[in-house]
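Q: Got a structure for you, questions after.
The values are calculated or read from the model by the stated rules, or taken from the named source; none is laboratory data. Source: prediction; values computed, not measured. Backbone-built Cβ (ideal geometry, glycine too); neighbour counts: all protein chains shown.
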Amino acid sequence: MNGFQAMKHPDMPVFPDSDEDSSPWTDLPEDGSGLCVDDFITTRVVRTANLLRRQITMPYTERCGLSMAEWRLLSVLGQTGTLPFHELVSASATDKALVSRVLRALQQRGLVDLQAKTSNPRHGLLCALTGQGYALYEENMPHARAAQARALHLLSREERRTFFSVLDRLYRYYGEQEMLKDTATQTRKRSATKKNIRDTSN
């Protein structure tokens with residue numbers, strides 16, 4: 001059955017499936033020749049993600065008086081508990097400078113508690129929700145889950161399984177590539193540092 005026809009909301013319009021034969025990805029050559037910018041996978045993913053955030057995420061974040069960035073950190077901490085700052089940056093997949101600004105804003109509103117890990121400020125911060133922050137998370141999560149489920153139910157059961165598998169495969173592959181790149185960069189930096197030390201001592 002068409003995933004759009006399986007929607008639980010009959011008042012919503014029914015859209016026909018796109019013609020698979022018209023997909024520019026089906027018989028794509030390895031060099032990508034003929035692929036236009038609008039059909040780049042990065043363009044498609046970013047454009048769709050931005051639209052989904054506006055249509056799905058923004059309504060329930062606005063409902064609880066938070067920006068999408070604030071809700072992202074609140075929901076991560078609500079799910080994981082106390083996290084060191086650097087782990088929160090990684091878990092939220094958010095820029096470090098933005099995480100810092102958003103945490104301070106949430107702290108000022110009494111939703112997040114920030115404590116130094118040790119007496120040495122260089123050791124970083126521990127981030128956790130306050131009682132008020134956790135209550136807001138608990139109150140809003142049912143609305144968030146329902147909104148996300150409504151979007152996923154635009155797809156059939158098989159489409160959801162395939163879509164999740166494809167996204168997971170891409171994330172794992174490029175996540176590993178990024179880790180390898182970071183490791184190589186750190187290795188080059190250590191080698192350069194050791195060389196500088198040797199040159200200075202000679």
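Q: Before we move on, is Ala147 assigned by TED's automatic domain parsing to the domain that holds Pro84 and surrounded by 15 or more Cβ atoms within 10 Å (Cβ to Cβ)?
A: For Ala147, the condition - assigned by TED's automatic domain parsing to the domain that holds Pro84 and surrounded by 15 or more Cβ atoms within 10 Å (Cβ to Cβ) - is met.
Q: Okay, moving on. Which of the residues belonging to region 31-60 are over 14 Å from the mean Cα position of the chain (by Cα), in contact (Cβ under 8 Å) with a residue 40 or more places away in the chain and surrounded by 14 or more Cβ atoms within 10 Å (Cβ to Cβ)?
A: If the condition is that a residue be over 14 Å from the mean Cα position of the chain (by Cα), in contact (Cβ under 8 Å) with a residue 40 or more places away in the chain and surrounded by 14 or more Cβ atoms within 10 Å (Cβ to Cβ), then Ile56, Tyr60 are the ones that fit.
Q: Further question: List the residue pairs whose Cβ atoms are under 6 Å apart, where the first residue sits in region 146-158 and is closer than 13 Å to Pro59 by Cα and touching a residue at least 12 places away in the same chain (Cβ under 8 Å), the second is in a helix (DSSP H, G or I) and aliphatic (A, V, I, L, M), and the two are 6 or more positions apart or on different chains.
A: What qualifies is Ala147/Ile56.
Q: When you check Arg169 against the structure, is it in contact with a helix residue (DSSP H, G or I) (Cβ under 6 Å, 6 or more places away or on another chain), modelled with pLDDT of 95 or more and more than 20 Å from Ser75 (Cβ to Cβ), yes or no? I'd like the intermediate steps shown before the answer.
A: Values: in contact with a helix residue (DSSP H, G or I) (Cβ under 6 Å, 6 or more places away or on another chain): no; modelled with pLDDT of 95 or more: yes; more than 20 Å from Ser75 (Cβ to Cβ): yes.
Criteria not met by Arg169.
Q: For region 71-98, which residues satisfy the criterion of being on the phi < 0 side of the Ramachandran plot and within 13 Å of the chain's Cα centre (by Cα)?
A: Filtering region 71-98 down to residues on the phi < 0 side of the Ramachandran plot leaves 71-80, 82-92, 94-98.
Across region 71-98, the qualifying residues are Trp71, Arg72, Leu73, Ser75, Val76, Leu88, Val89, Ser90, Ala91, Ser92, Thr94, Asp95.
Q: Could you check, for region 109-129, whether at least one of its residues is closer than 19 Å to Arg53 by Cβ, surrounded by fewer than 14 Cβ atoms within 10 Å (Cβ to Cβ) and either assigned by TED's automatic domain parsing to the domain that holds Leu77 or among the polar types (S, T, N, Q) (or both)? I'd like the intermediate steps shown before the answer.
A: Kept after step one, since they are closer than 19 Å to Arg53 by Cβ, are these residues of region 109-129: none.
No: zero hits.
Q: Could you tell me whether Glu139 is touching a Ser or Thr at 6+ places or on another chain (Cβ under 8 Å) and in a helix (DSSP H, G or I)? Full working, then the answer.
A: Numbers: touching a Ser or Thr at 6+ places or on another chain (Cβ under 8 Å): no; in a helix (DSSP H, G or I): yes.
So Glu139 fails the test.
Q: Kindly evaluate Tyr137 against the criterion of being over 27 Å from Gly175 (Cβ atoms), surrounded by 14 or more Cβ atoms within 10 Å (Cβ to Cβ) and hydroxyl-bearing (Ser, Thr, Tyr).
A: It is false that Tyr137 is over 27 Å from Gly175 (Cβ atoms), surrounded by 14 or more Cβ atoms within 10 Å (Cβ to Cβ) and hydroxyl-bearing (Ser, Thr, Tyr).
Q: Somewhere in region 182-194, is a residue at pLDDT below 90, hydrophobic (A, V, I, L, M, F, W, C), under 26 Å from the mean Cα position of the chain (by Cα) and not assigned by TED's automatic domain parsing to the domain that holds Tyr60? Can you show your working first?
A: Here is the first cut: in region 182-194, the residues at pLDDT below 90 are 182-194.
When the remaining residues are screened for being hydrophobic (A, V, I, L, M, F, W, C), the result is 184, 192.
From the residues that got through so far, the ones that are under 26 Å from the mean Cα position of the chain (by Cα) too are 184.
From the residues that got through so far, the ones that are not assigned by TED's automatic domain parsing to the domain that holds Tyr60 too are 184.
So far as region 182-194 goes, yes, one or more of its residues are at pLDDT below 90, hydrophobic (A, V, I, L, M, F, W, C), under 26 Å from the mean Cα position of the chain (by Cα) and not assigned by TED's automatic domain parsing to the domain that holds Tyr60.
Q: OK, next. Within region 79-89, identify whether any single residue is surrounded by 12 or more Cβ atoms within 10 Å (Cβ to Cβ), free of Cβ contacts under 8 Å to residues at least 40 places away in the same chain and among the aliphatic types (A, V, I, L, M), and answer yes or no.
A: Taking region 79-89 first, the residues surrounded by 12 or more Cβ atoms within 10 Å (Cβ to Cβ) are 80, 82-89.
With the extra rule that they be free of Cβ contacts under 8 Å to residues at least 40 places away in the same chain, the set shrinks to 80, 86-89.
Restricting the remaining residues to those that are among the aliphatic types (A, V, I, L, M) gives 88-89.
Yes, region 79-89 contains at least one residue that is surrounded by 12 or more Cβ atoms within 10 Å (Cβ to Cβ), free of Cβ contacts under 8 Å to residues at least 40 places away in the same chain and among the aliphatic types (A, V, I, L, M).
Q: Which condition number does Ala93 fail, the rest of (1) at pLDDT below 95; (2) within 30 Å of Arg53 (Cα to Cα); (3) not assigned by TED's automatic domain parsing to the domain that holds Gln55 being met?
A: (3)
Q: Could you say which residue among Arg104, Arg72 is among the charged types (D, E, K, R), under 17 Å from Thr130 (Cα atoms) and either surrounded by fewer than 14 Cβ atoms within 10 Å (Cβ to Cβ) or not assigned by TED's automatic domain parsing to the domain that holds Gly133 (or both)?
A: Working: Arg72 fails: either surrounded by fewer than 14 Cβ atoms within 10 Å (Cβ to Cβ) or not assigned by TED's automatic domain parsing to the domain that holds Gly133 (or both).
Selected residue: Arg104, the only one of Arg104, Arg72 that is among the charged types (D, E, K, R), under 17 Å from Thr130 (Cα atoms) and either surrounded by fewer than 14 Cβ atoms within 10 Å (Cβ to Cβ) or not assigned by TED's automatic domain parsing to the domain that holds Gly133 (or both).
Q: Still on this structure, I have one more. Being more than 17 Å from Leu66 (Cβ to Cβ) and out of contact with any helix residue (DSSP H, G or I) (no Cβ under 8 Å at 6 or more places or on another chain) is the filter here; which residues of region 104-130 pass it?
A: Gln115, Thr118, Ser119, Asn120, Pro121, Arg122, His123
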